[in-house]
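FYI, it's all coordinate maths here, none of it is from the lab. Keep in mind it's a predicted model, so treat the numbers as computed, not measured. Cβ coordinates were reconstructed from backbone atoms using ideal geometry, including for glycine residues, and neighbour counts include every protein chain displayed.
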Amino acid sequence: QVQLVESGGGLVQAGDSLRLSCAASGHTFSLDTMAWFRQAPGQDREFVAAIGKIDTIYTDSVKGRFTISKDNTKDTVYLQMNSLKPEDTAIYYCAAKYGLRTHLVRAYYYWGQGTQVTVSS
């Protein structure tokens with residue numbers, strides 16, 4: 001079993017930055033991919049970024065603004081979000097899976113409880 005706990009969300013203004021953290025615990029040694037998804041009210045959960053063993057992928061809308069990284073010594077994944085926009089407002093979820101990184105929601109087995117990010121204009 002793997003447990004994921006997100007933190008770092010909050011209310012910011014457009015143009016500000018936030019860093020989300022996702023602490024993993026349990027049987028984390030076999031996990032291959034960690035990712036961030038987000039879900040705005042009334043919308044489907046969407047992929048934001050993922051980090052595998054050697055590379056990262058991002059959805060187009062966050063490229064150049066968001067950076068995903070991980071600290072293996074702390075079993076923690078981060079999402080640095082710069083130049084935030086009101087359309088980035090959503091609940092952000094951390095997710096984990098075995099195998100190659102992907103943008104598909106259904107491929108991820110472990111999920112955190114989410115952290116709210118609100119960007120005001």
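A simple spin-label model places the labels of Gln3 and Lys63 3.8 nm from each other, with each point 7 Å out along Cα-to-Cβ.
At q = 0.21 Å⁻¹ the log10 of I(q)/I(0) for the chain amounts to -1.18, computed by Debye summation with a single uniform scatterer per C-alpha, solvent ignored.
A crude spin-label estimate for the pair Asp55 and Ala40, with each label 7 Å from Cα along the Cβ direction, gives 2.9 nm. For Lys70, the residues 5 or more places off, or on other chains, whose built amide H falls under 5 Å of its own are Tyr78.
Applying a DSSP loop filter and a limit of 11 other Cβ atoms within 10 Å to the trypsin sites (Lys or Arg not before Pro) in segment 26-121 leaves Lys53, Lys63, Lys74.
For segment 26-40, backbone phi angles converted through the Karplus equation (6.51, -1.76, 1.60; θ = phi - 60°) give residue-by-residue couplings of x, 7, 8, 5, 9, 6, 9, 9, 10, 8, 10, 10, 9, 9, 8 Hz, Gly and Pro being listed as x.
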